[in-house]
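Report on the following structure.
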Amino acid sequence: MNARFARIVVLVSGAAILVVETLAVRLVAPYVGLTLESTTAVIGVALAGIAVGAALGGRWADVLPPRRVAAGALAVGGLGVLAVRPLVRLLGPVLGPGPVAAILLVAASTLVSVTALAMVTPAVTRARITGLDGSGSVIGELSAAGTIGSLAGTFLTGFVLVTFLPVTAILLVTAVACLLLALAVGIDVRRRDAARTAGVAVVLGVALVGVQGPCDADTVYYCARIDGDPELATAKVLVLDDLRHSYVDLADPTHLEFAYIQRFADAVDATFPAGRPLRAVHVGGGGFTMPRWLAATRPGSTSTVLEVDAGVVDLGRRELAVDTIPDLDVRIGDARTTLATLPDGSADLLIGDAFGARSVPWHLATTEFVDEVRRVLRPGGLYVLNIIDRDPLALLRAETATVSERFVGVALMFRPDQFAPGGGGNAVLVASDEPLDVAGLAERAAARGEPGSVLDDAATRAVARDGLILTDDRAPVDQLQT
């Protein structure tokens, strides 16, 4: 095996490992959530596979022809890449959510392909070494080639491929590259073995395309779909991964189905005079329910939506008539960096409704982010934040403590039964640099069926008393929610 070809083989196998690892985070998210634990599971399983593969590849290359080991590893790795998505979609609903399920799902779907592809480098290295002289250069060159391949797989997948190609196409191209290289490396492979491999590849390729999953669209960050409401023909529900994010009635923009959205509306109506147009900033777009409601109930309002995922916006434009919302400005990008570009005192209202799985992304939950919120809000402006948590409510207490530290007036909207042992769900935190109309807020909540769900400033700060103040240096939001 000449040096240039050896470097190409090692580079491609290294790239394929990182393509699988990068895509695995997206593939398992609809079933186990997009959390630090699921990301850790992907990294941990990949490292385990690389370690086992390196050991097996080196050992087998000492007792078998190294080219045969490399060719077989590439073939198994390519077939394994084809199987990743079908396995995730078949096993995901069975295993369900949670950290243990994340490890099992990632291992079952990716460990074979990663382990096999990790065998390639030691096998190719053994094929290239003919004696001690020059062996260090061979090992160093091939190690560098594998690392460069891993970097290429990471950056190409994350920055280019996912943007322009569906996950199915990326996996298919990766698998085909591995299988073609397997043929090129194993030039003396028997026709029967090649035919058998091709047959398995065809079956797995059909499964890759044919095994249906829950997505209408694989966006950069989510498995996204639009569900209907069997009780209302004009209603649509946006589902991102495994969570119902937004409910939209296309015929009635004032119809607010989810309780937390109704709490948003209560906070707005209790703070600002009826019908007054507002300048609103929305951290997270989802189904654009609140911009719709503001445009309908407060004509002349402007809404600037900061949404990280262009695919969610495109799906909303196709299925949820987002382009019909008046005075809407959609800005694609991370909310933390995009918010920093908005002028001081430019908003009456800022709504926080961005999620990675069930928790607020950590960098949108810290004191430093809250300071940006205060900068963008005008005097007397309103910040409302959706928080999802469950017993013992450590994340809710931490986020409440973080926001309370920076605002004069705070109130928490959370039903008494949600505070009970085993309780939880969506809470809405309301904050302003002026005292809030808690009585008006409580009256509205009671009128729509949530009496006793509004905690005044003192009670809200009592909830926050033992909460961790979240900062950019320490914001363990996923762990607090566990």
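Just one of the listed residues (Thr35, Thr39) is surrounded by 22 or more Cβ atoms within 10 Å (Cβ to Cβ) and hydroxyl-bearing (Ser, Thr, Tyr), and it is Thr35.
Filtered by the rule that a residue be crowded, with 24+ Cβ neighbours inside 10 Å and farther than 21 Å from Gln481 by Cα, the stretch 97-114 gives Leu105, Val106, Ser109, Thr110, Ser113, Val114.
If you filter the stretch 222-236 down to residues that are of a type outside the set (D, E, K, R) and surrounded by 18 or more Cβ atoms within 10 Å (Cβ to Cβ), you find that the one that is farthest from Val308 (Cα to Cα) is Ala235. Check the stretch 129-143 and report whether any residue there is in the same structural domain as Glu37 (by TED's automatic domain parsing), in contact (Cβ under 8 Å) with a residue 60 or more places away in the chain, under 28 Å from Ile8 (Cβ atoms) and buried (at least 21 other Cβ atoms within 10 Å of the Cβ). Yes, because at least one residue in the stretch 129-143 is in the same structural domain as Glu37 (by TED's automatic domain parsing), in contact (Cβ under 8 Å) with a residue 60 or more places away in the chain, under 28 Å from Ile8 (Cβ atoms) and buried (at least 21 other Cβ atoms within 10 Å of the Cβ).
This table checks each residue for (1) assigned to a loop (DSSP other than H, G, I, E, B); (2) under 19 Å from Glu450 (Cα atoms); (3) touching a Lys or Arg at 6+ places or on another chain (Cβ under 8 Å).
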{"site": "Ala354", "(1), (2), (3)": "yes, no, no"}
{"site": "His363", "(1), (2), (3)": "no, no, yes"}
{"site": "Glu368", "(1), (2), (3)": "no, no, no"}
{"site": "Arg374", "(1), (2), (3)": "no, no, yes"}
{"site": "Leu395", "(1), (2), (3)": "no, no, no"}
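Anything in the stretch 276-312 that is in a helix (DSSP H, G or I) and not β-branched (Val, Ile, Thr)? List them, or say none. Residues satisfying the conditions are Met290, Pro291, Arg292, Trp293, Leu294, Ala295, Ala296, Ala310, Gly311. Filtering Thr367, Thr324, Thr341 for residues that are touching an Asp or Glu at 6+ places or on another chain (Cβ under 9 Å), surrounded by fewer than 19 Cβ atoms within 10 Å (Cβ to Cβ) and among the polar types (S, T, N, Q) leaves a single hit, Thr367.
Just one of (1) closer than 18 Å to Ala270 by Cβ; (2) of a type in the set (Gly, Ala, Ser); (3) touching a helix residue (DSSP H, G or I) at 6+ places or on another chain (Cβ under 9 Å) fails for Gly425. It is (1). For the stretch 461-482, filtered to residues that are more than 30 Å from Pro97 (Cα to Cα) and basic (Lys, Arg), the residue that is surrounded by the fewest Cβ atoms within 10 Å (Cβ to Cβ) is Arg465. Scanning the stretch 426-460 for residues that are in contact with a Phe, Trp or Tyr (Cβ under 9 Å, 6 or more places away or on another chain), assigned to a loop (DSSP other than H, G, I, E, B) and either crowded, with 22+ Cβ neighbours inside 10 Å or not assigned by TED's automatic domain parsing to the domain that holds Arg406 (or both) yields one hit, Ser453.
The set of residues in the stretch 72-82 being buried (at least 24 other Cβ atoms within 10 Å of the Cβ) and of a type in the set (A, V, I, L, M) consists of Ala73, Leu74, Ala75, Val81, Leu82. Just one of the listed residues (Val313, Val281, Val322, Val308) is of a type outside the set (Gly, Ala, Ser) and farther than 19 Å from Arg225 by Cα, namely Val281.
Residues satisfying the criterion are absent from the stretch 248-258 (criterion: in contact with a strand residue (DSSP E or B) (Cβ under 7 Å, 6 or more places away or on another chain), on the phi < 0 side of the Ramachandran plot, of a type in the set (Gly, Ala, Ser) and not in a loop (DSSP other than H, G, I, E, B)). Can you find even one residue in the stretch 120-140 that is under 15 Å from Arg68 (Cα atoms) and polar (S, T, N, Q)? Yes, there is a match, as at least one residue in the stretch 120-140 is under 15 Å from Arg68 (Cα atoms) and polar (S, T, N, Q). Here Leu79, Leu47, Leu64 are screened, and the one residue that is touching a residue at least 12 places away in the same chain (Cβ under 8 Å) and on the phi < 0 side of the Ramachandran plot is Leu79.
Yes/no matrix, rows are residues, columns are (1) in a loop (DSSP other than H, G, I, E, B); (2) touching a helix residue (DSSP H, G or I) at 6+ places or on another chain (Cβ under 6 Å); (3) among the β-branched types (Val, Ile, Thr); (4) within 30 Å of Ala251 (Cα to Cα):
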{"residue": "Asp314", "(1), (2), (3), (4)": "no, no, no, yes"}
{"residue": "Leu349", "(1), (2), (3), (4)": "no, no, no, yes"}
{"residue": "Tyr383", "(1), (2), (3), (4)": "no, yes, no, yes"}
{"residue": "Asp389", "(1), (2), (3), (4)": "no, yes, no, no"}
{"residue": "Arg406", "(1), (2), (3), (4)": "yes, yes, no, no"}
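Just one of the numbered conditions (1) buried (at least 22 other Cβ atoms within 10 Å of the Cβ); (2) of a type outside the set (Ser, Thr, Tyr); (3) in contact with a strand residue (DSSP E or B) (Cβ under 8 Å, 6 or more places away or on another chain) is not true of Leu117: (3).
Only one entry of Leu364, Leu396, Leu382, Leu377 meets the criterion of being under 23 Å from the mean Cα position of the chain (by Cα) and closer than 19 Å to Ala335 by Cα, and that entry is Leu364.
The values are calculated or read from the model by the stated rules, or taken from the named source; none is laboratory data. The structure presented is a predicted model; accordingly, all values stated were derived computationally and were not measured. Please note: Cβ atoms are built from the backbone with ideal geometry, for glycine as well, and neighbour counts cover all protein chains shown.
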